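Asker: The structure follows.
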């Protein structure tokens, strides 16, 4: 079972498509996996069968990050970011810098933006209306957290 972190899972998990095995830094490890078949399972999860790979073999790999070749990625709009571009982006609330993005945690609509603010860490829902704007060129994320969230 795979958790889809794409807006286009039906295209990514289509028969014949190649997925790259990635380490935690996003570096390719091993040969690509070719999808034999895939189908939506539940919410953001997909069941996928890879050509030439048995279930027993896949289970030995444990938690695995998969990606598509960069040339297959749809370029983001100016108000979008690839997930790997989020860490290091400046996070602003009401025109004031509150910290630096460290990444996202969670899945689906329950994604949280992790923001480092000095010795403090904020977890901010990464969805509208709290997520106001992504500025890819400026590497800036604007949020409108509910009252009291940044004081937790």
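The values are calculated or read from the model by the stated rules, or taken from the named source; none is laboratory data. If you're wondering where the values come from, they're calculated on a predicted model, not measured in any experiment. Quick reminder, even Gly has a Cβ in these numbers, built from the backbone with ideal geometry, and neighbours come from all protein chains shown.
Asker: Every residue in the stretch 60-112 that is outside the structural domain of residue 8 (by TED's automatic domain parsing), part of a strand (DSSP E or B) and under 15 Å from the mean Cα position of the chain (by Cα), please.
Answerer: 101, 102, 103, 104, 105, 112
Asker: Being surrounded by fewer than 13 Cβ atoms within 10 Å (Cβ to Cβ), in contact with a strand residue (DSSP E or B) (Cβ under 9 Å, 6 or more places away or on another chain) and modelled with pLDDT of 85 or more is the filter here; which residues of the stretch 95-123 pass it?
Answerer: Selection gives 95, 97, 105, 118, 120, 121.
Asker: May I ask you to say which residue of 128, 140, 136 is in contact with a helix residue (DSSP H, G or I) (Cβ under 8 Å, 6 or more places away or on another chain), on the phi < 0 side of the Ramachandran plot and assigned by TED's automatic domain parsing to the domain that holds residue 92?
Answerer: 136
Asker: What is the one condition in (1) surrounded by 13 or more Cβ atoms within 10 Å (Cβ to Cβ); (2) without any contact (Cβ under 8 Å) to a residue 60 or more places away in the chain; (3) within 30 Å of residue 47 (Cα to Cα) that residue 71 does not satisfy?
Answerer: (1)
Asker: Turning to a different aspect of this structure: Looking only at the stretch 37-59, how many residues end up being part of a strand (DSSP E or B) and either over 19 Å from the mean Cα position of the chain (by Cα) or surrounded by 12 or more Cβ atoms within 10 Å (Cβ to Cβ) (or both)?
Answerer: Result for the stretch 37-59: 11.
Asker: State the number of residues belonging to the stretch 41-61 that are under 21 Å from residue 8 (Cβ atoms) and modelled with pLDDT under 90.
Answerer: Residues meeting the conditions: 7.
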